[in-house]
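Engineer: I am attaching a structure below and will ask some questions about it afterwards.
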């Protein structure tokens, strides 16, 4: 299983690690830390030196109840960050974390290699502006790998009493419909993300984690993004800054259940989890 980019490939035979680079003032764990050029590049360099396979750059916080950021403000933050990282680290794979099709297109033009879309193709945001499925058409045109995430609601509403009769079944149905749409548009490289924490209770999150292997039926790479999230903090009684050990434990469960990409704040520890997982998996007795 490989992801193919314009000038490079990423072999997912061994799980990959995606390092998070938020150029936002209000992200739940690292908001405001990497908004300046110097700190941004230092953090990117640190993650790359620790073995990050992908750097995921986001400029619009999607934590629960996050304030809506205008398209103009997102572009103002995101595009210079992508250009800086691309200029300094020419070989690194850059993912642009955005739910807006125009931003996705400009991000790829600025040097991004793939798009990470928390909206699963679009949703009605707080202002009432409909994002529709225009993202799918743009991805089809750009011909870049696309991360399709499940979400119930929007960042402003998603944690207000999320409801499912059967969360695993309903998330599968969501992917079946949207993967079908993408494939009809000749989008050839799709990664699925069940969306831990995006419109789910702690029970929903751990049900999806427990049954993550069932999503292999789509034949697509699976991304797991659990890093320092509330599903860990609620289970342990910790705060995000105390959740590294819990993140490593949760990432390990995700790996054992079929995750191909771990999206994390802490690259070194995630790479170590992958190494131990691979060692155990490949051991011949």
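Engineer: So what is the calculated 222 nm ellipticity per residue for the chain, using -39500 (n - 2.57) for each DSSP H run with n of 4 or more, over all residues, to the nearest 500 deg cm²/dmol? Don't jump to the answer; show the numbers that get you there.
Structural biologist: Working: 9 runs with 113 residues, N = 285.
Mean residue ellipticity at 222 nm (helix-derived): -12500 deg cm²/dmol.
Engineer: Please compute the modelled spin-label separation between residue 50 and residue 236, points set 7 Å along Cα→Cβ, answer in nm with one decimal.
Structural biologist: If labels sit at residue 236 and residue 50, their model points lie 1.4 nm apart.
Engineer: Here's a follow-up. Which length gain, in nm to one decimal place, applies between residue 70 and residue 183 when the Cα-Cα distance is subtracted from 0.36 nm times their residue separation? Before the final figure, lay out each step's value.
Structural biologist: Values: separation 113, 0.36 × 113 = 40.68 nm, distance 3.00 nm.
Stretched out fully, the residue 70 to residue 183 stretch lengthens by 37.7 nm.
Engineer: Follow-up. Starting from the 7 Å offset along Cα-to-Cβ, what nm value, one decimal, do you get for the label separation of residue 88 and residue 285?
Structural biologist: 4.6 nm
Engineer: Could you list 9, 248 so that the one with the fewest beta carbons within 10 Å of its beta carbon is first and the one with the most is last? Could the numbers behind the result be given before it?
Structural biologist: Values: 9 10, 248 19.
Placing the least packed residue first, the sequence is 9, 248.
Engineer: Going by how many other Cβ atoms sit within 10 Å of their own, how do 105, 137 line up, fewest first?
Structural biologist: Values: 105 19, 137 14.
Listing 105, 137 from fewest to most nearby Cβ atoms yields 137, 105.
Engineer: Kindly identify segment 174-285 as rounded, prolate or oblate by the Cα gyration tensor criterion: order the square roots of the eigenvalues as a ≥ b ≥ c, call it rounded if a/c is under 1.5, otherwise compare a/b with b/c, prolate if a/b is larger, else oblate.
Structural biologist: Working: a/c = 2.04, a/b = 1.29, b/c = 1.58.
Cα axes put segment 174-285 in the oblate bin.
Engineer: Which residues in segment 200-235 place their backbone N less than 19 Å from a point set 7 Å from the Cα of residue 169 along the Cα-to-Cβ direction?
Structural biologist: What the label zone holds, given the 19 Å backbone N cut-off, is 200-201, 203-218.
Engineer: OK, next. Mind computing the radius of gyration and Dmax over the alpha-carbon atoms of the chain? Å is fine for both.
Structural biologist: Taking only Cα atoms of the chain, I get Rg and Dmax of 17.5, 59 Å.
Engineer: Considering only DSSP beta bridges where both residues belong to the chain, give the percentage that are antiparallel (nearest 5).
Structural biologist: Values: 4 of 32 bridges.
In the chain, DSSP labels about 10 percent of beta bridges as antiparallel.
No value in this document is a laboratory result; all are computed from the given coordinates. All figures in this text were calculated on a predicted structure; none of them were measured in a lab. Positions of Cβ are generated from backbone atoms using ideal geometry, with glycine treated the same way; all protein chains shown enter the neighbour counts.
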